[in-house]
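See structure below.
The values are calculated or read from the model by the stated rules, or taken from the named source; none is laboratory data. A quick note: this is a predicted structure, and the numbers were derived from the prediction, not measured. In this analysis, Cβ positions are derived from the backbone assuming ideal geometry, glycine residues included, and neighbour counts consider all displayed protein chains. Protein only, heavy atoms only, side chains kept; ligands, DNA and RNA dropped before computing areas. Shrake-Rupley method; radii C 1.70, N 1.55, O 1.52, S 1.80 Å.
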Amino acid sequence: MAQLSDAMREFLNGRHYATLATLNADGAMHLTPVWYLFEDDCLFVESAAADRKVRNILARPTASLLVDSRRQPGAEQWVSASGTAEIIRGERSQAINAKIQRRYLTTAGREDPRVGAVFAAASEVTIGLTPQAWRSFDLKRFDE
């Protein structure tokens, strides 16, 4: 199990997409592509309160998040974290979700009522993941 390194932090601070894994009641994994925020060594994902991923975390408060990049052939890399998940609500959730939206939407997109308002309305809660285990892979370093 890898420790969270400076190289992993740098990668997580980049603008990538992620896949969130939560556990369904029948034991199957529920995978969802998400936008995320990495802050204070924790990971945050915005969500609608009624989404399955939120219901899963309320019932079984564990999750994993995989952040990967395949933009340049030969430079593929990923970082994953797993640990305890919580649902954050209220002002703290709104502040975190606004940071996530600033990361992924342009100013024009956030100000457009057909875009920004839709994302804001659908982002009622935040999933907070406190990692207890980290893993990573970097093809460049692997090749070296």
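Has the range 21-32 got any residue that is surrounded by 20 or more Cβ atoms within 10 Å (Cβ to Cβ), touching a Ser or Thr at 6+ places or on another chain (Cβ under 7 Å) and not small (G, A, S)?
no
Sort out which residues of the range 109-129 are over 30 Å from R60 (Cα atoms), open to solvent by 20 Å² or more (accessible area, probe 1.4 Å), not basic (K, R) and not in a loop (DSSP other than H, G, I, E, B), and write them in order of number.
Matches in the range 109-129: E111, A117.
So, in the range 102-144, of the ones that are small (G, A, S) and within 23 Å of L4 (Cβ to Cβ), which residue ends up modelled with the lowest pLDDT?
Here the residue is S136.
Given the conditions (1) within 16 Å of Y36 (Cβ to Cβ); (2) open to solvent by less than 30 Å² (accessible area, probe 1.4 Å), and given that D138 satisfies all but one, which numbered condition is not satisfied?
Answer for D138: the failing condition is (1).
For the condition in contact with a Leu (Cβ under 7 Å, 6 or more places away or on another chain) and in a helix (DSSP H, G or I), what is the one hit in R103, R92?
R103
Could you list, in sequence order, the residues of the range 16-35 that are within 11 Å of the chain's Cα centre (by Cα) and more than 17 Å from S136 (Cα to Cα)?
Passing the criteria: T32, P33, V34, W35.
In the range 94-108, how many are open to solvent by less than 80 Å² (accessible area, probe 1.4 Å), among the polar types (S, T, N, Q) and either out of contact with any helix residue (DSSP H, G or I) (no Cβ under 8 Å at 6 or more places or on another chain) or farther than 18 Å from C42 by Cα (or both)?
Number satisfying all stated conditions: 1.
Return the residues of the range 33-50 that are aliphatic (A, V, I, L, M), surrounded by fewer than 16 Cβ atoms within 10 Å (Cβ to Cβ) and out of contact with any helix residue (DSSP H, G or I) (no Cβ under 7 Å at 6 or more places or on another chain); say none if nothing qualifies.
If the condition is that a residue be aliphatic (A, V, I, L, M), surrounded by fewer than 16 Cβ atoms within 10 Å (Cβ to Cβ) and out of contact with any helix residue (DSSP H, G or I) (no Cβ under 7 Å at 6 or more places or on another chain), then A49, A50 are the ones that fit.
Any residue that is of a type in the set (D, E, K, R) and within 25 Å of R70 (Cα to Cα) - is there at least one of those in the range 23-35?
no
Do you know which residues across the range 36-62 are among the polar types (S, T, N, Q) and within 12 Å of the chain's Cα centre (by Cα)?
Within the range 36-62, just S47 meets the criteria.
Can you go through S64, S80 and tell me which one is touching a Lys or Arg at 6+ places or on another chain (Cβ under 6 Å) and either open to solvent by less than 20 Å² (accessible area, probe 1.4 Å) or part of a strand (DSSP E or B) (or both)?
After ruling out the rest, the residue left standing is S80.
Can you find, within the range 51-61, the residue that is nearest to D26 (Cα to Cα) among those that are hydrophobic (A, V, I, L, M, F, W, C) and surrounded by 15 or more Cβ atoms within 10 Å (Cβ to Cβ)?
My answer is I57.
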